[in-house]
Amino acid sequence: MTEAATKLTEDDLPRLVQTMRAVKEGDLTVTFQFEPTSVTVDSGDELHTMALAFTSMSKSLGTVGETFNQMIANLRNLTGQLEQRVTERTTELSQANEYLQREISEHKIAVQALQKSEELYTKLVATLPDVVVRMDVEGNILFVNDFGLQMSGYTSEELIGQNMTSLIAP
């Protein structure tokens, strides 16, 4: 009695190994195709037993190849999803960066305007022909303009830090 068995070709296993190496190195374009070849053997002898074992191995190899190809397809899909997420996140980060650049520019303009205003205030207070005194909430003197120093007869060092009530006669 004769039976059909599957024959492995010499290059089936090396092709599978080569394909797996390509994937390991990042090539997701490869696939593995296994096409078994049928042979006829007489049943009952040692060759028949070996042929059946090879048939079982070749079916397993075919299953491994199919599983491998499915894994590669899944990797391609996941890679595509990851690339999409990276693209989306890059767009979000670019938009956030543009927003921050505008904020920085606006802040620089505001700082320049504040510096200009402070310079104008300083010049105005320095040249004003009136006494200008700045105090904290407790009445301690923080600043007196030049006209105030001339009118009081004190130096800046003598007045700064003094409490205003200590300078007023009872």
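Do any residues in region 71-98 that are closer than 30 Å to ARG21 by Cα and modelled with pLDDT under 95 have Cβ atoms under 7 Å from those of residues that are open to solvent by less than 90 Å² (accessible area, probe 1.4 Å) and assigned to a helix (DSSP H, G or I), where the two are at least six apart or on different chains, and which pairs are they?
As it stands, the answer is ILE72/VAL23, since those pairs meet every condition given.
Could you grab me the full set of residues in region 127-136 that are outside any helix (DSSP H, G or I) and either modelled with pLDDT under 90 or not acidic (Asp, Glu) (or both)? I'd like the intermediate steps shown before the answer.
Here is the first cut: in region 127-136, the residues outside any helix (DSSP H, G or I) are 128-136.
Selection gives LEU128, PRO129, VAL131, VAL132, VAL133, ARG134, MET135.
Between GLU98, GLU118, which is acidic (Asp, Glu), open to solvent by 90 Å² or more (accessible area, probe 1.4 Å) and more than 30 Å from ILE160 (Cβ to Cβ)?
Among GLU98, GLU118, only GLU98 is acidic (Asp, Glu), open to solvent by 90 Å² or more (accessible area, probe 1.4 Å) and more than 30 Å from ILE160 (Cβ to Cβ).
When you look at LEU124, is it modelled with pLDDT under 95 and in contact with a Leu (Cβ under 8 Å, 6 or more places away or on another chain), yes or no?
Criteria not met by LEU124.
Applying the selection to region 137-147, what residues are assigned to a loop (DSSP other than H, G, I, E, B) and surrounded by 11 or more Cβ atoms within 10 Å (Cβ to Cβ)? Break it down into steps so the answer makes sense when it comes.
Applying the first criterion (assigned to a loop (DSSP other than H, G, I, E, B)) to region 137-147 yields 137-139, 145.
Within region 137-147, GLY139, ASN145 qualify.
Within region 148-170, track down each residue that is assigned to a helix (DSSP H, G or I), open to solvent by 90 Å² or more (accessible area, probe 1.4 Å) and modelled with pLDDT under 90.
At the first step, the residues of region 148-170 found to be assigned to a helix (DSSP H, G or I) are 148-152, 156-159, 164-167.
Still in the running and open to solvent by 90 Å² or more (accessible area, probe 1.4 Å): 150-151, 157-158, 165.
Passing the criteria: only THR165.
When you go through LEU52, LEU28 one by one, which is the residue that is modelled with pLDDT under 75, aliphatic (A, V, I, L, M) and within 26 Å of the chain's Cα centre (by Cα)?
Criteria check complete, one pass: LEU28.
The values are calculated or read from the model by the stated rules, or taken from the named source; none is laboratory data. Only a predicted model underlies this, so the values are computations on that prediction, with no experimental measurement involved. Every residue, glycine among them, receives a Cβ derived from its backbone with ideal geometry; neighbour counts consider all protein chains shown. Keep in mind that these areas ignore ligands, DNA and RNA; they rest on the heavy atoms of the full protein, side chains included. Shrake-Rupley method; radii C 1.70, N 1.55, O 1.52, S 1.80 Å.
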